[in-house]
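Trainee: Dumping the structure here so I can ask a few things about it.
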Amino acid sequence: MAWLLARAGLVPAGASVVCALTGGLAGALLLPELCQETGLVRCSMSRVTARTLTGERSVDLTRIRDLRLLTGFGYGRTFRAVVVRDRNGARIGLTTLRSQRALARAPQHARGDAGGGPRVSRAARAHLGRGVRRHRTIHTVIIFLVLTISVSLYMGLVLELAELQ
């Protein structure tokens, strides 16, 4: 949108770059948070209902399509959420121990697409205690390196653009 306004001459050309950089950073930080559990409402063997930033969400644990581990860093801690998606497309990032315990029992009973089991990442399997622990460690190190490198590149780009202005 800012690019179109800059193209039309309504805003300076540098405004589109600033909007793209800040919008990209805000999106990268906020989008994963939208589906994460902020409060557990109900938890059973077949369904988890939790509050998220966008309202209450429910996931059918008997119809899980895929599981993956979402890792973040902040204030000297590592934050992990197991993101569950069912065949209806509902998605929740489970963060509480109670909901993750229910989830750890669910994949063995769940039916994924085409009658097979759900797709479970190695890191999510390790986090739920059903896989090799080193997969979670490798996942965490890779995520840390990707975040560190991307923030460094982002800062370099911002400084380079500031120098051009």
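Trainee: Using amide H atoms built in the peptide plane, which far-off residues or other-chain residues are under 5 Å from GLN36 H to H?
Mentor: HN-HN under 5 Å from GLN36: LEU53, GLY93.
Trainee: Roll a 1.4 Å probe over the protein chains and send me the accessible area per residue for the chain in Å².
Mentor: Per-residue value: 64 Å².
Trainee: Amide H of ARG65: which non-local residues (sequence gap of 5 or more, or other chain) have their own amide H closer than 5 Å, using H built in the peptide plane?
Mentor: ARG85, ASP86, ARG87
Trainee: Enumerate the helices in the chain for which the Kyte-Doolittle hydropathy averages -0.5 or more and the C-alpha atoms extend at least 27 Å along the helix's axis, using complete DSSP H runs.
Mentor: Long hydrophobic helices here: 133-164.
Trainee: Which of [x] 23.2, 78; [y] 19.8, 59; [z] 17.1, 66 is the computed Rg and Dmax of the Cα atoms in Å for the structure on display?
Mentor: [y]
Trainee: Would you work out what percent of the accessible area of the chain, with all protein chains in place, is carbon or sulfur (probe 1.4 Å)?
Mentor: Exposed carbon and sulfur together represent 60 percent of the surface.
Trainee: Would you please state the base-10 log of I(q)/I(0) at q = 0.18, 0.26, 0.28 1/Å for region 19-87, with intensities from the Debye formula using one equal scatterer on every alpha carbon?
Mentor: Each listed q corresponds, in turn, to -0.80, -1.22, -1.28.
Trainee: Helix-only estimate, please: 222 nm mean residue ellipticity of the chain, summing -39500 (n - 2.57) across DSSP H runs of length 4 or more and dividing by its residues, to the nearest 500.
Mentor: Only helices count here, giving -14000 deg cm²/dmol.
The values are calculated or read from the model by the stated rules, or taken from the named source; none is laboratory data. Everything numeric here is computed off the predicted structure, so don't read it as measured data. Protein only, heavy atoms only, side chains kept; ligands, DNA and RNA dropped before computing areas. Shrake-Rupley method; radii C 1.70, N 1.55, O 1.52, S 1.80 Å.
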